[in-house]
Structure formats: structure tokens, C-alpha cells
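K.L.:
Quick one: the structure is below, questions incoming.
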Amino acid sequence: MKLMTFDDGAGPRVGVLGPDGTVADVSATAGVGETMLEVVEAGEEGLASIRAALTSSPLHRVDSVRVRAPIMPRNNVMAVGRNYHDHAKEFSASGFDASEKKMIPDHPIIFTKALSSIVAPGDAIDTSMDPSGTSDYEGELAVVIGTGGHRIAAADAMAHVFGYTVINDVTARALQAQHVQFFIGKSAATFCPMGPCIVTADEFGDIGAARLRTTVNGEPRQDAPISDLIFDIPTLIEAISAAVRLQPGDVIATGTPSGVGIGFDPPVYLQPGDVVEVSIDGIGTLRNPVV
Ligand code: MG
């Protein structure tokens, strides 16, 4: 199922996106609550009650409602640095990576983005929030954790995945370099567009086969299969949960492939008037204008 958070004017609700451009309001019928976090926490039972309620749920046209970020997790959005080989090379060559010891890290580089950076599909990425004027895009697959846990083995990790969404890990490059730790450069308000929906894990046979593509003003910038990840999803979940107790609804952005703005010489930063679109097969397109 493609689950989304939408607002028809009566507050946020959880909906199921249909192939015909409709969204079924399952908050009203399935008794799953009004937030995606509640749906994730309800687990398989919650999904079963959504499926059962689908035919009797009120339908809206998706273009007549406001689509929101699909989930607001409890914890900061977790994210992974240098997790595609070609991007590791371009990041290293750019001189912006203050964390670098080795171009290809021995262990995943994990940082977080503040919850206050999350915005919806269609919301503006506000470059005035970045005092350095070096705002850049990073198209990424994000994993939504279902059942939480501590010390999850890689072999068991996929059973903890609720679903997948798309994130643009917008980054203030000069701040990322200047503060060594990535948090400030990754957390400006509006710098975490997310959506348009969460596709439940059962819809994907092999998420690795999906391709991620990013365009700026329609110009292709990033294009890679998810299988190019250096550290795959089970490895990331094992590494993070070795110390961190993962909670239902936690979001892990898995890293970006090559083709970001600092891969150009000279770097090409986002400018007001640009439009960034990040698409992943089977999930959809996250489109955000830049102001
Ligand atoms: Mg990133």
C-alpha cells in the first residue's frame, strides 16, 4: 500500500493512495488514528484494518487535498554519509568533507537531521535559512522502521522495515564542512523534504532494483540503482541499533548517489526559482520548489 498523510482542511489524516489519483481517508474508517506514527505502531494489525476498511473509506482526489510529509518521527531523522561509491569520490574531490579519514569508510557514517527541517512535498526549500549560500540537494531512499529494537542482527533487519519513502537531504555545504559534525549543515528549516508517500515493505520484492533519479529544473543530475549502496539496509539497521534503540516510525535516509551540486566544478548550488524532483521507482516523485 501507498500510505500518505494529507489534510482536506479538517486536519491531518492518513490515507491510501489509489492508482487512479484518489486518496482513501482510512483515519475515518479503520480506527488507526490520525497520524502515520499511530499506523506504524499498530503494525500488521493496523495494516489489516486499513485493508479491510478501504472499500468503505471516503475518497478524495489527491490533487484536491494538501499532501503533508508522510510521517513525523519521534527521533531526529537518521541519515548516512558517503554511502554510494561514486558520491564518496565526488564528495572527497570537492574538499567539503571535514569528516574524511578514508574515502570509503569502514563503518557507516551516521548523522541526524532535526525534526524541524521536515517539510512536505511541494513546500519550498528556503535557501535564506542557509547563511552560507551553499545549499545543495541529495536525493535519497529513506527507510521507515516498523517494529523497533535494540541490537537487531542484519539477518533479522528487514522484518523491522515498515516501508520506504523519499527524502531530499538538503545540505548547507559550507556549514557541513565548517562545523565538522554534519548536524547544523543538514538541519536548516525546510532542509528535509519528505514524501510523497510511504510504500509498505511488502510492495517491494527487491528494493535494490529500484532506481533513484534527481532532476533540477528538469535536468538529470542523479541516477543510480539502490543496489549501489555501500552499506545496505540490513547493515545500516544493525550498525545503528547496536547502540541506539530504534523506535517505530524512525526514519533512516540511506545516502545519496553521485551528481550533487558540489560534484560540479565549480559547484552548482540551489538558487531561488529552481525546482528539485527526486523520484524512486515504485514510490513516486518528491517535488519541491526552491526560494
Ligand atoms: Mg545525504
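K.L.:
Using only Cα atoms and rounding to the nearest 10 degrees, what angle (0 to 90) does helix 85-94 make with the longest principal axis of the chain?
P.N.:
50 degrees
K.L.:
Below 24 Å, Cα to Cα, which lysines can Lys102 reach? Residues fewer than 8 away in the same chain don't count.
P.N.:
In chain and number order, the partners are Lys89, Lys113, Lys186.
K.L.:
Can you list the HN-Hα couplings for the stretch 222-232, worked out from phi with the Karplus curve (6.51, -1.76, 1.60; θ = phi - 60°), rounded to whole Hz and with x for Gly and Pro?
P.N.:
Rounded to whole hertz, the list is 10, 7, 7, x, 4, 5, 7, 4, 5, 9, 6.
K.L.:
Quick check of the Kirkwood formula: for the stretch 87-152, what is the inverse mean of 1/r over all pairs of different Cα atoms, in Å?
P.N.:
Evaluated on the stretch 87-152, it is 15.5 Å.
K.L.:
Report the gain in length on full extension from Ala243 to Lys89: 0.36 nm times residue separation, minus Cα-Cα distance, nm rounded to one decimal.
P.N.:
The Ala243-Lys89 span can extend by a further 52.6 nm.
K.L.:
If I take R0 = 45 Å and measure r between the Cβ atoms of Arg151 and Ala124 in this structure, what FRET efficiency does the formula 1/(1 + (r/R0)^6) give, to the nearest 0.05? Let's see the in-between values first.
P.N.:
Details: r = 40 Å, r/R0 = 0.90.
The pair Arg151/Ala124 has a calculated efficiency of 0.65.
K.L.:
Between the stretch 151-199 and the stretch 73-90, how many Å separate their Cα centres?
P.N.:
Measuring centre to centre over Cα atoms gives 7 Å.
K.L.:
Evaluate E = 1/(1 + (r/R0)^6) for Ser116 and Asn217, where r is the Cβ-Cβ distance and R0 equals 35 Å; express this FRET efficiency to the nearest 0.05.
P.N.:
Calculated transfer efficiency: 0.80.
K.L.:
If you don't mind, there's one more thing I want to ask. So how much slack lies between Ala159 and Gln271, counting 0.36 nm per residue of separation and subtracting their Cα-Cα distance, in nm?
P.N.:
Once the chain is fully extended between Ala159 and Gln271, it gains 36.3 nm.
K.L.:
Using only the Cα atoms of the chain, each taken as one equal point scatterer with no solvent, compute I(q) by the Debye sum, divide by I(0), and report log10 of the ratio at q = 0.07, 0.08, 0.14 Å⁻¹.
P.N.:
Log10 of I(q)/I(0), two decimals: -0.24, -0.31, -0.97.
K.L.:
Averaged per residue, what accessible surface does the chain expose to a 1.4 Å probe, in Å²?
P.N.:
Computed with neighbouring chains in place, this is 40 Å² per residue.
K.L.:
Calculated from DSSP H runs of 4 or more alone, at -39500 (n - 2.57) each and per residue, what is the 222 nm mean residue ellipticity of the chain, nearest 500?
P.N.:
Helices in the chain give a 222 nm mean residue ellipticity of -5000 deg cm²/dmol.
The values are calculated or read from the model by the stated rules, or taken from the named source; none is laboratory data. The model shown is predicted, which means the values in this text are computed figures rather than measured ones. Using ideal geometry, Cβ is built from the backbone for each residue, glycine included, and neighbour counts are taken over all protein chains shown. Surface accessibility is based on the protein's heavy atoms, side chains included, excluding ligands, DNA and RNA. Shrake-Rupley method; radii C 1.70, N 1.55, O 1.52, S 1.80 Å.
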